[in-house]
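Remarks on the structure that follows.
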Amino acid sequence: MIDANRALQPLDEAARPIGLLQTYESSTELASALEDTNAAVQRTLRSLLWFDRGAPDDLRMAALSPTELASDRLIPTLRQRDLISLQLAGSIHDLDQAARRADQGQARASDADLALRVV
């Protein structure tokens, strides 16, 4: 059984940047909110896998390390364990791309909408 409250804690801790997705006043503020929200989503996904007591120990141990379980392997692993839907997996991938664009100064208003849907 997964402790959902603890798995979602990174999103709770990111309340400020998540709130900025609705109230940003500049493209710089939007970019920062996107990047911080994406980081919180990634931490949440890793926590979700770590709290999956039915997962093999080596997978649970690797879950919290981006070097041991790269993000391109994290999403398929969560899907295989039926911890996220196919639709959410696609949206998470899109959010990751949006955060990369934001890092390059190319954030879009629609990226904020996407991030809020993922959260």
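The values are calculated or read from the model by the stated rules, or taken from the named source; none is laboratory data. Fair warning: this is a prediction, and the values are worked out from it, not measured in the lab. Every residue, glycine as well, gets a Cβ built from its backbone with ideal geometry; the counts of neighbours run over all protein chains shown. Ligands, DNA and RNA are stripped out before the accessible areas are found, and what is left, the full protein with its side chains, is counted by its heavy atoms. Shrake-Rupley method; radii C 1.70, N 1.55, O 1.52, S 1.80 Å.
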- prompt: If the Cβ limit is 7 Å and pairs must be 6+ apart or interchain, which residue in the range 49-65 that is farther than 17 Å from L8 by Cβ pairs with which residue that is part of a helix (DSSP H, G or I) and open to solvent by 50 Å² or more (accessible area, probe 1.4 Å)?
  reply: R60/W50
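Looking at the structure I just gave you, is L95 assigned to a helix (DSSP H, G or I), closer than 16 Å to D36 by Cβ and of a type outside the set (S, T, N, Q)? Walk me through it before giving the result.
On the way: assigned to a helix (DSSP H, G or I): yes; closer than 16 Å to D36 by Cβ: yes; of a type outside the set (S, T, N, Q): yes.
Here the answer is yes, as L95 does meet what is asked.
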field: Qualifying positions in the range 65-85 - over 13 Å from the mean Cα position of the chain (by Cα), loosely packed, with under 13 Cβ neighbours inside 10 Å and not in a loop (DSSP other than H, G, I, E, B)
entry: R73, P76, Q80
- request: Please enumerate the residues belonging to the range 4-55 that are within 14 Å of A99 (Cα to Cα), among the hydroxyl-bearing types (S, T, Y) and open to solvent by less than 20 Å² (accessible area, probe 1.4 Å).
  value: T37
field: Selection within the range 95-119 - surrounded by 14 or more Cβ atoms within 10 Å (Cβ to Cβ) and among the acidic types (D, E)
entry: D96, D103, D111
